[in-house]
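Enquirer: Let me give you the structure first, and then I'll get to my questions.
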Amino acid sequence: MTRTTTPRLRLFAVLAVIGLVGGLASGRPELVAVAAPFAVLLGVGLVFSHDLDLDLDLELDRDRAIEGETLRLVVTAGTDPSIARLDLEIDLPDGVEIEQAQSTGGRALRSVGRTVVGFKPGGVVPQRLTVQLRCARWGAHRIGFLRVRGRDAWGLFGYYEEVPLDLAIKVFPETAALRALLKPVETRLGFGDLVSRQKGEGLEFADLRVMALGDDPRQINWRVTARGRDVWVNDRHPERNSDVVLLVDTLAEARRGVGVTLDLAVRAAAGLAAGHLRRHDRVGLVSFGEPLRWLQPGMGDVQRYRILDTLMESRSRRQMYWRGVTAVPRRALPPKALVIGLSPLLDERAVNAFADLRGRGFDLVVIEIPAELFVADPVTQDERLARRIWELHRDATRNRYLRHGIATVRWNPEMPFQQALAEVEAFRRNVMRARV
């Protein structure tokens with residue numbers, strides 16, 4: 001640890017010199033008597049002070065959490081017994097804060113911002129400091145360093161050291177349970193919870209038909225058969241699953257205070273992924289930004305955490321080195337997939353990409369994150385005019401989507417996300433009825 005002098009040492013040295021020199025010059029022994037304690041403290045402090053080696057060990061109980069949960073950072077420190085206390089400053093990112101700090105024996109310590117004050121390290125037996133970190137905001141966070149500041153028992157020397165940590169923490173967004181999810185136009189052959197429009201083996205009744213060679217006798221409808229001359233069997237709708245691809249627009253975002261459109265898009269995507277995976281659908285992800293990332297559709301908890309990890313990376317590692325992204329690659333989307341886009345519709349490349357997907361025949365839904373809520377209110381006449389032109393341009397984009405049959409819904413963050421899904425499903429039902 002780096003050793004430095006404190007203001008107390010300099011003050012004691014000045015008082016001792018003034019008292020001794022003044023007493024000798026004036027011949028007054030009382031000045032020497034007043035300065036003697038300061039000189040003794042200086043001598044004792046200089047004799048017993050020495051460089052210290054900090055024995056520090058840090059351990060984080062886990063590197064993944066959900067918003068609102070707490071992590072435990074355990075710091076084990078052992079130094080020379082002459083150290084009175086240590087102040088530990090942890091380089092915490094925005095979204096992670098100290099909730100509680102306890103030393104060995106359960107003694108609570110005071111924390112000021114990112115600093116734990118008053119930790120007494122051990123000598124022969126190292127002492128442990130347990131810091132409870134509350135994850136208040138989702139994201140891929142990193143704890144860069146730990147600053148240690150201390151002083152000796154006499155307060156004459158201070159000690160300082162910065163320990164690099166480089167601890168990564170991934171905080172996943174808290175997702176709300178969705179009661180109803182979007183139903184795709186076409187399903188896959190895999191087993192799931194969706195009732196297919198096709199006929200086959202299943203539980204949901206579809207129609208009656210005359211029995212043919214090879215039909216299962218267990219499907220005979222005896223009531224209808226008893227009324228006529230032919231043998232009638234039941235047709236049923238099979239239970240299938242679907243391919244769902246979540247397309248999150250990370251090209252542009254609107255920010256106002258702590259609110260960001262990308263935050264809402266990520267929370268919605270996490271909720272949709274969890275809901276569709278519970279329905280046994282295959283879920284994929286496309287992070288439409290710079291750089292562009294995608295995950296092929298999959299199932300299970302492993303796929304869910306892959307999606308969450310990719311969402312975290314889309315926030316923490318946004319770089320501007322891929323400027324040629326204009327469309328979603330063909331290999332990123334399986335055929336007959338339901339594509340759910342989450343976008344503030346701020347970047348023209350994202351607007352054109354949605355239109356391109358519809359032109360390629362994909363079942364597309366666009367859930368708009370309203371950027372108007374994150375833009376400052378206009379003050380001058382020119383600002384109000386520019387705001388009005390911008391809003392008209394966005395209305396024209398929505399109308400163009402509706403003319404092409406793209407279900408577009410503006411999600412107000414003050415309302416439940418389930419309401420936006422209900423509006424999308426109502427629009428899709430009306431389109432299907434119009435086609436019939």
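Readers should treat all values here as calculations from the given coordinates under stated rules, not as data from a laboratory. Everything quoted here is computed from the prediction, not taken from an experiment. A quick note on method: Cβ atoms are made from the backbone with ideal geometry, for glycine too, and the neighbour counts reach across all protein chains shown.
Enquirer: For the residue pair ARG229 and ASN430, what label-to-label distance in nm results when each label sits 7 Å from Cα along the Cα-to-beta-carbon direction?
Expert: For the pair ARG229/ASN430, the computed spacing is 5.1 nm.
Enquirer: Give the calculated FRET efficiency between GLU313 and VAL32 to the nearest 0.05, with a Förster radius of 60 Å applied to their Cβ-Cβ distance.
Expert: So the FRET efficiency works out to roughly 0.30.
Enquirer: A further question follows. Stick to Cα atoms and the Kirkwood definition of Rh, then tell me Rg/Rh for the chain.
Expert: Computed over Cα atoms, the ratio is 1.23.
Enquirer: A further question on this structure: Which of the chymotrypsin sites (Phe, Trp or Tyr not before Pro) across the stretch 110-161 are loop residues per DSSP, with 16 or fewer other Cβ within 10 Å?
Expert: Taking the stretch 110-161 and a limit of 16 other Cβ atoms within 10 Å, no loop chymotrypsin sites (Phe, Trp or Tyr not before Pro) are found.
Enquirer: Work out, step by step, the length gained on full extension between ARG142 and ARG107: first 0.36 nm times the residue separation, then minus their alpha carbon distance; give nm to one decimal.
Expert: Computed gain between ARG142 and ARG107 is 9.8 nm.
Enquirer: Let me ask something additional. Fully extended, how many nm does the chain gain between ARG388 and ILE18 (0.36 nm per residue separation, minus their Cα-Cα distance)?
Expert: Result: 125.7 nm gained on full extension.
Enquirer: Using 7 Å Cα-to-Cβ label points, what is the TYR305/VAL379 separation (nm, one decimal)?
Expert: Once both label points are built, they end up 5.0 nm from each other.
Enquirer: Just to be sure I follow the definition: excluding the sites themselves, where is the longest run in the chain that has none of the GluC sites (Glu not before Pro) in a DSSP loop with at most 13 other Cβ atoms within 10 Å?
Expert: 202-413
Enquirer: Stretch GLN219-VAL40 to full length: gain in nm at 0.36 nm per residue minus the Cα-Cα span?
Expert: Extra length from GLN219 to VAL40 when fully extended: 54.1 nm.
Enquirer: Treat each spin label as a single point 7 Å out from the Cα along the C-beta direction, and report the ASN399 to ARG64 distance in nm.
Expert: Once both label points are built, they end up 4.7 nm from each other.
Enquirer: Assuming a viscosity of 1.567 mPa s and a temperature of 4 °C, what translational diffusion coefficient in µm² per second does Stokes-Einstein assign to the stretch 243-435, Rh being the Kirkwood radius over Cα pairs?
Expert: Taking Rh from Cα pairs, D becomes 75 µm²/s.
Enquirer: Still on this model: Mind putting a number on the dipole of the stretch 55-172 about its Cα centre? Charges go on the C-beta only, +1 for Lys and Arg and -1 for Asp and Glu, and I need it in Debye to the nearest 20.
Expert: My answer is approximately 320 debye.
Enquirer: Report, for the chain, the % of DSSP beta bridges that are antiparallel, rounded to 5.
Expert: Restricted to the chain, the bridges split so that about 70 percent are antiparallel.
Enquirer: Given the options ALA13, ALA422, ALA101, state which has the largest fluctuation in a GNM of the chain using a 10 Å cut-off (strictly under) for Cα springs.
Expert: ALA13
Enquirer: Moving on. Once the Cβ-Cβ distance between ARG128 and VAL47 is put in as r, and R0 is 35 Å, what FRET efficiency do you end up with, to the nearest 0.05?
Expert: So the FRET efficiency works out to roughly 0.65.
Enquirer: Identify which of LEU311, LEU373, LEU11 has the largest mean-square fluctuation in a Gaussian network model of the chain, with springs joining Cα atoms closer than 10 Å.
Expert: Fluctuation is largest for LEU11.
Enquirer: Would you look at the GNM of the chain, springs on alpha carbons closer than 10 Å, and say which of THR380, THR326, THR261 moves the most?
Expert: THR380
Enquirer: Hey, how many Å between the Cα centroid of the stretch 330-401 and the Cα centroid of the stretch 123-157?
Expert: 46 Å
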